[in-house]
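Chemist: One structure is given below, represented as structure tokens, and several questions about it will come after.
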Amino acid sequence: MKKKELDNYSNKIVKAFLKNKIIKPLPIYLTKKISNAQKFRKLCESKVKEPIIGFKAAGTAIAVIKKLGEKEPFYAAVYKRNFLKSGKKVKTNNYTLGIELEVVYKIKKNFFSLNKIVTTNNLKKYIVSIAPAIEVVGYRQRKKGIKSFGDLCSDFGANVKFIIGKQIKNKRINIKNLKTTMLNKKLNKIVYGNTNTVFKNPLNSLKFVLTKLKRDKVFLNKDFYVFTGSSIGVVPLNNKGLFIGKIEKIGSVKTLIS
């Protein structure tokens, strides 16, 4: 692939990201293989000169990993422009895939000084707080559905907005097996889930992201967030209105979809 061609496509989707526009689908050679999509995502993120507040894990459901023939999840940057407090409104379009309910961790910036292999035990001292979060997922391209992780990864991880609930500092909560629900208030319809679908344990997902950040030599000079992946899959937005997500022992978060 010629550098000029790669720059052209990355410029187009970066502009769509910044201007909230929709473009033609990216060529399949950029999206089919996760390795190509990862390189493309990193190129695009390098061109966005706006504050990063954290990172998201994507593709954390073991069943989905196996179904799509992948080996592991992937991660993508989360920008301040897409970070909202509970109760805020989010405008969607025809290429919005749905919403997810996640556990999010706030991590101390001195994590980047860790010169050891990341383990479940040593990462715990860097956790500032945990909270429930809703992620609105969708494309900046005229495409629907998911055929590969590369589809999502190449489009900034397909993250549209993140809505965060109240943060709590009780780090001793065992989040391996917590019930989760997403309520569509207008339809009075509830979707049920569990945190154990998130890479078997959201802490595993957190470890995965932090390990990849160190491998890729990513650095931030402030505390940051890690969104660990959906506990209920992608909930379709069949109707607009208020959605309320709840995670047992952690709390609730809500957003108004318009």
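The values are calculated or read from the model by the stated rules, or taken from the named source; none is laboratory data. Quick caveat: nothing in here was measured; it's all calculated off a predicted structure. Positions of Cβ are backbone-derived with ideal geometry, glycine not excepted, and every protein chain shown enters the neighbour counts.
Chemist: I'd like to verify a number: residues in segment 116-154 that are among the hydrophobic types (A, V, I, L, M, F, W, C) and either touching an Asp or Glu at 6+ places or on another chain (Cβ under 7 Å) or part of a strand (DSSP E or B) (or both), how many? Quick ask: steps written out before the conclusion?
Modeler: First, pick out the residues of segment 116-154 that are among the hydrophobic types (A, V, I, L, M, F, W, C): 117-118, 123, 127-128, 130-131, 133-134, 136-137, 146, 149, 152-153.
Those still in the list that are either touching an Asp or Glu at 6+ places or on another chain (Cβ under 7 Å) or part of a strand (DSSP E or B) (or both) too: 127-128, 130-131, 133-134, 136-137, 149.
Of the residues in that region, 9 qualify.
Chemist: Across segment 27-79, which residue is nearest to residue 228 (Cα to Cα) among those that are hydroxyl-bearing (Ser, Thr, Tyr) and in a helix (DSSP H, G or I)?
Modeler: Restricting attention to segment 27-79, the residues satisfying the condition of being hydroxyl-bearing (Ser, Thr, Tyr) are 29, 31, 35, 46, 60, 75, 79.
If we keep only those that are in a helix (DSSP H, G or I) too, we end up with 29, 31, 35, 46.
Working: 29: 28, 31: 22, 35: 21, 46: 22 Å.
Filtering segment 27-79 for residues that are hydroxyl-bearing (Ser, Thr, Tyr) and in a helix (DSSP H, G or I), the one nearest to residue 228 (Cα to Cα) comes out as 35.
Chemist: Looking at segment 193-201, is at least one residue touching a helix residue (DSSP H, G or I) at 6+ places or on another chain (Cβ under 8 Å), charged (D, E, K, R) and outside any loop (DSSP other than H, G, I, E, B)?
Modeler: Looking for residues that are touching a helix residue (DSSP H, G or I) at 6+ places or on another chain (Cβ under 8 Å), charged (D, E, K, R) and outside any loop (DSSP other than H, G, I, E, B), one finds none in segment 193-201, hence no.
Chemist: Still on this model: Give just the number: which of (1) surrounded by 15 or more Cβ atoms within 10 Å (Cβ to Cβ); (2) under 30 Å from residue 6 (Cβ atoms); (3) small (Gly, Ala, Ser); (4) out of contact with any Ser or Thr (no Cβ under 6 Å at 6 or more places or on another chain) does residue 145 not satisfy?
Modeler: The number of the failed condition is (1).
Chemist: A further question follows. Residue 6: part of a helix (DSSP H, G or I) and either under 18 Å from the mean Cα position of the chain (by Cα) or not hydroxyl-bearing (Ser, Thr, Tyr) (or both), yes or no? Quick ask: steps written out before the conclusion?
Modeler: On the way: part of a helix (DSSP H, G or I): yes; either under 18 Å from the mean Cα position of the chain (by Cα) or not hydroxyl-bearing (Ser, Thr, Tyr) (or both): yes.
For residue 6, the condition - part of a helix (DSSP H, G or I) and either under 18 Å from the mean Cα position of the chain (by Cα) or not hydroxyl-bearing (Ser, Thr, Tyr) (or both) - is met.
Chemist: Starting from residues that are more than 25 Å from residue 176 (Cα to Cα) and of a type in the set (Phe, Trp, Tyr), keep the ones in segment 108-142 and report whichever is surrounded by the most Cβ atoms within 10 Å (Cβ to Cβ).
Modeler: 139
Chemist: Considering only residues that are without any contact (Cβ under 8 Å) to a residue 60 or more places away in the chain and in a loop (DSSP other than H, G, I, E, B), look in segment 220-258 and name the one that is surrounded by the most Cβ atoms within 10 Å (Cβ to Cβ).
Modeler: First pass over segment 220-258, keeping only residues without any contact (Cβ under 8 Å) to a residue 60 or more places away in the chain: 238-239, 241-242.
The next check asks that each one be in a loop (DSSP other than H, G, I, E, B); those that pass are 238-239.
Numbers: 238: 10, 239: 12.
Ranking the qualifying residues of segment 220-258, first place goes to 239.
Chemist: Ok, one more. From the list 59, 69, which one is farther than 26 Å from residue 180 by Cα, at pLDDT below 95 and of a type outside the set (Lys, Arg)?
Modeler: Details: 59 fails: farther than 26 Å from residue 180 by Cα.
Answer to the check: 69.
Chemist: What number goes with the only condition from (1) out of contact with any Pro (no Cβ under 9 Å at 6 or more places or on another chain); (2) modelled with pLDDT of 95 or more; (3) more than 28 Å from residue 253 (Cβ to Cβ) that residue 32 does not pass?
Modeler: The single condition residue 32 does not satisfy is (2).
Chemist: Would you confirm, using the coordinates I've provided, whether residue 8 is within 29 Å of residue 241 (Cα to Cα) and either touching a strand residue (DSSP E or B) at 6+ places or on another chain (Cβ under 8 Å) or not aromatic (Phe, Trp, Tyr) (or both)? Lay out the reasoning, then the answer.
Modeler: Working: within 29 Å of residue 241 (Cα to Cα): no; either touching a strand residue (DSSP E or B) at 6+ places or on another chain (Cβ under 8 Å) or not aromatic (Phe, Trp, Tyr) (or both): yes.
When the stated conditions are applied, residue 8 does not pass them.
Chemist: Within segment 51-97, restricting attention to residues that are among the aliphatic types (A, V, I, L, M) and out of contact with any strand residue (DSSP E or B) (no Cβ under 9 Å at 6 or more places or on another chain), which residue is surrounded by the fewest Cβ atoms within 10 Å (Cβ to Cβ)?
Modeler: We begin by selecting, within segment 51-97, every residue among the aliphatic types (A, V, I, L, M); these are 52-53, 57-58, 61-65, 68, 76-78, 84, 90, 97.
Narrowing the set further to residues that are out of contact with any strand residue (DSSP E or B) (no Cβ under 9 Å at 6 or more places or on another chain) leaves 62-65, 68.
Details: 62: 14, 63: 9, 64: 19, 65: 16, 68: 15.
Only one residue fits best here, namely 63.
Chemist: Could you tell me whether residue 250 is modelled with pLDDT of 95 or more and farther than 15 Å from residue 162 by Cα? Lay out the reasoning, then the answer.
Modeler: Values: modelled with pLDDT of 95 or more: yes; farther than 15 Å from residue 162 by Cα: yes.
The answer is yes for residue 250.
Chemist: Can you tell me which residue within segment 1-28, out of those that are in contact (Cβ under 8 Å) with a residue 24 or more places away in the chain, closer than 21 Å to residue 146 by Cα and of a type in the set (A, V, I, L, M, F, W, C), is surrounded by the fewest Cβ atoms within 10 Å (Cβ to Cβ)?
Modeler: 22
Chemist: Additional query: Quick check on my filter: what residues within segment 155-187 are of a type outside the set (D, E, K, R), assigned to a loop (DSSP other than H, G, I, E, B) and either at pLDDT 95 or above or within 25 Å of residue 74 (Cα to Cα) (or both)?
Modeler: 165, 167, 174, 175, 177, 178
Chemist: Now for a different question. Where residues in segment 214-258 are acidic (Asp, Glu) and out of contact with any helix residue (DSSP H, G or I) (no Cβ under 7 Å at 6 or more places or on another chain), which of them is farthest from residue 112 (Cα to Cα)?
Modeler: At the first step, the residues of segment 214-258 found to be acidic (Asp, Glu) are 216, 223, 248.
Subset that is out of contact with any helix residue (DSSP H, G or I) (no Cβ under 7 Å at 6 or more places or on another chain): 216, 248.
Details: 216: 12, 248: 31 Å.
Looking at residues that are acidic (Asp, Glu) and out of contact with any helix residue (DSSP H, G or I) (no Cβ under 7 Å at 6 or more places or on another chain), I get 248.
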